[in-house]
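What follows is a set of notes on a single structure, which appears directly below.
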Amino acid sequence: MAQPPVVITLTSEQQALLRAASGKSVSTLRIEAVESESGWLYSAQGKKFWLLKHPDAKSYEAARRNHQPHIDLQRARFRLRIGASRIHRWGVFADERIPARRNVIEYTGELVNPVEAYRRVKGAKRTYAFALDKFWRIDGAVGGSGAEFINHSCDPNLRWRRVENGVFCQSVRPINAGEELTLDYHFSHKAPKVRCNCGSSKCRGSINVAKRGRAGKI
């Protein structure tokens, strides 16, 4: 028999964390009596479900430590490889020519809510969380396809393309074999400024966009 939902009242500290992560003022949460493979879910105003917490914080830290560069062949539409990048650490490279306007690889990972994403990226040296919509973030550090290792460029050869409940990296022009794949991360102007190393003639000097820009990876 299904158990009824439980309503909890957030502490002032929890409310402040939720505001910082999502910009929402929420004082109570309705906890659903169901456990997913990722953790407990709660509903926001009875409509959307967010991941409340990971069932074991140590398991997430272990996943990050064991996160190794690799390409999930089931998620990639072309032959790709990961190698050392002149832009930053590891990068993803085309192993064959890729025509323009093609879905190259799906960006996958664990779905988490803004609170959990905020908790994971705060103080982290490297993050792989992508803002799917106002409710969900995709954390490529857990279950990533390899797309999380695509580096930023201010003149990228890929763009983000949302398809239903997923995200693909789509080519904006023909990409030659051996060329590194790049995306414009579109860091928010509200986020701490991050210097750009893409080396493009169109480099804006920062991964962050201007005030009117759209946020992408966080």
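The values are calculated or read from the model by the stated rules, or taken from the named source; none is laboratory data. Source: prediction; values computed, not measured. Ideal geometry is used to build each Cβ from the backbone, glycine not excepted, and the neighbour counts take in all protein chains shown.
For the stretch 99-124, the candidate set comprises residues that are among the aliphatic types (A, V, I, L, M) and assigned to a strand (DSSP E or B); within that set, the residue that is surrounded by the most Cβ atoms within 10 Å (Cβ to Cβ) is VAL112.
Being in the same structural domain as GLN68 (by TED's automatic domain parsing) and more than 25 Å from CYS203 (Cα to Cα) is not true of ASP133.
Pick out, from the stretch 125-182, the strands (runs of 3 or more DSSP E) lying fully within it that include 2 or more residues that are buried (at least 21 other Cβ atoms within 10 Å of the Cβ).
On the way: elements: 129-131, 137-139, 158-163, 166-171.
Correct list: 129-131, 137-139, 166-171.
Specify the residue that is modelled with the highest pLDDT; the eligible residues are those in the stretch 183-195 that are under 18 Å from TYR128 (Cβ atoms) and either part of a loop (DSSP other than H, G, I, E, B) or in contact with a helix residue (DSSP H, G or I) (Cβ under 6 Å, 6 or more places away or on another chain) (or both). Only one residue fits best here, namely ASP184.
Quick check: is even one residue across the stretch 68-75 without any contact (Cβ under 8 Å) to a residue 40 or more places away in the chain, under 17 Å from the mean Cα position of the chain (by Cα), within 15 Å of VAL142 (Cα to Cα) and outside any strand (DSSP E or B)? Yes, because at least one residue in the stretch 68-75 is without any contact (Cβ under 8 Å) to a residue 40 or more places away in the chain, under 17 Å from the mean Cα position of the chain (by Cα), within 15 Å of VAL142 (Cα to Cα) and outside any strand (DSSP E or B).
Here is a yes/no grid of residues against (1) touching a residue at least 60 places away in the same chain (Cβ under 8 Å); (2) crowded, with 16+ Cβ neighbours inside 10 Å:
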{"position": "ARG65", "(1), (2)": "no, no"}
{"position": "ALA84", "(1), (2)": "no, no"}
{"position": "HIS88", "(1), (2)": "yes, no"}
{"position": "ALA94", "(1), (2)": "yes, yes"}
{"position": "ARG97", "(1), (2)": "yes, no"}
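Residue count for the stretch 67-80, restricted to those that are under 20 Å from ARG173 (Cα atoms) and surrounded by 15 or more Cβ atoms within 10 Å (Cβ to Cβ): 4.
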